[in-house]
Every structure is written in structure tokens, then in C-alpha cells.
Amino acid sequence: MATLLIVDDEVDVREFAANFFRRRKIQVLTASSGEEAINMVQEHKPNLVLLDIKMEGMDGIQALGQIKEKNKETKVIMVSGKKPDEEQSFERCRQLGAIDYIHKPLQLDELEKIVMRELN
């Protein structure tokens, strides 16, 4: 069964997305910080990670770098409250190995399409 790790420091965003994908029969893990995400990736080897960029402490870009150092094969999609053209972080995330970029508020149909494409 495919495993999705959702990383966001906002509990409502995290749980909303987690419940959405659980209803689609996807095994979902959640993490509330970059550090927790890195540990979860090492321990559970998820097929895909949805990683929020803006978090307290270690941000998503730092976490992405460490996740990719530990396992190049891990697919990571970045999530941001900003549109990609509003900041340089999108290019940075691509360089670090992120496969896609989604902005909040999460459009569930768009999110579902991207996640299902990567998990299948």
C-alpha cells in the first residue's frame, strides 16, 4: 500500500489533508515539523511527502535538503502559502529535488490529481 507523509505545522491543515487521503485508501502519516518529517522518512520510507515550506524551527526547504540527503528516491511535493513566482524558494526546491509545488489554500481536486499520479 502506498504511504503518504503530510508535513505541516498547522494541525487543521494536516488533519484535513490526512483525512481526505485516508478516505481514498492511502496510508497517511503526519508530522508537525521538519525534524519530525526527517525521522518519519527514515523510519517509514513513505512513497511521497507533502512538505510545507513555512514552519516554525526547521523550515520545509531545510527539511527537503536533509530528506534528499538521506534518501534520494523519496518523492517530495512542496506546499506553500505563496505562489511559486512570488519567491525564489520554488527554484531552490527544484534544485534540491522537489518534484512539484502546490500552494495553499489546498485545492483538493488538484492535490488529489498530483498525489495520485505520483503514487501510482
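Quick one: of the DSSP bridges fully inside the range 11-120, what percent are antiparallel, nearest 5? Walk me through the numbers before you get to the answer.
Numbers: 0 of 9 bridges.
The answer is about 0 percent antiparallel.
Can you compute the equivalent ellipsoid semi-axes for the chain, i.e. the square root of 5 times each eigenvalue of the Cα gyration tensor, sorted largest first and rounded to whole Å? Mind showing how you got there, number by number?
Details: eigenvalues 69, 54, 38 Å².
Output for the chain: semi-axes of 19, 16, 14 Å.
Can you give me the long-range amide H partners of Lys54? Hydrogens built in the peptide plane at 1.01 Å from N, cutoff under 5 Å, separation of 5 or more residues or another chain.
It is Gly60, Gly81, by chain and number.
Skipping prolines and chain starts, which residues have an amide H placed within reach, meaning under 5 Å, of the one on Met78, given they are 5 or more residues away or on another chain?
Residues meeting the amide H criterion: Leu51, Ile99, Asp100, Tyr101, Ile102.
With each pseudo-label sitting 7 Å past Cα toward Cβ, what's the Lys75-Ile99 distance in nm, one decimal?
That separation, rounded to one decimal, is 0.3 nm.
Could you list, in their original order, any pairs among Lys25/Lys75; Lys25/Lys45; Lys25/Lys54; Lys45/Lys68; Lys45/Lys104; Lys72/Lys113 whose Cα atoms are separated by more than 21 Å? Each step should come with its number before you reach the end.
Working: Lys25/Lys75 19 Å; Lys25/Lys45 18 Å; Lys25/Lys54 28 Å; Lys45/Lys68 12 Å; Lys45/Lys104 25 Å; Lys72/Lys113 23 Å.
Beyond 21 Å: Lys25/Lys54; Lys45/Lys104; Lys72/Lys113.
Expected output is a single nm value to one decimal: the length gained when fully extending between Gln66 and Gln27, i.e. 0.36 nm times separation in residues minus the C-alpha distance. What is it?
On the way: separation 39, 0.36 × 39 = 14.04 nm, distance 2.31 nm.
Taking 0.36 nm per residue and subtracting the Cα distance, the gain is 11.7 nm.
Which residues' amide hydrogens lie under 5 Å from the amide hydrogen of Ala2, considering only partners 5 or more residues apart or on another chain, with H built in the peptide plane?
Excluding prolines and chain starts, which carry no amide H, the hits are Gln27.
Please compute the contact order of the chain in relative form: average sequence separation of alpha-carbon pairs under 8 Å and at least six residues apart, divided by the residue count, as a percent. Mind dumping the intermediate values first?
Working: 194 pairs, mean separation 27.0, N = 120.
Relative contact order here is 23 percent.
GluC sites (Glu not before Pro) within the range 30-82: which are DSSP loop residues with at most 10 other Cβ atoms inside 10 Å? Please report the intermediate quantities before stating the final value.
Details: sites: Glu35, Glu36, Glu43, Glu56, Glu69, Glu73; in loops: Glu56, Glu73.
Within the range 30-82, the qualifying GluC sites (Glu not before Pro) (loop, at most 10 other Cβ atoms within 10 Å) are Glu56, Glu73.
Throughout, read-outs are computed from the coordinates displayed, never taken from laboratory work. Small disclaimer: the values here were computed from a predicted structure and weren't measured. Every residue, glycine as well, gets a Cβ built from its backbone with ideal geometry; the counts of neighbours run over all protein chains shown.
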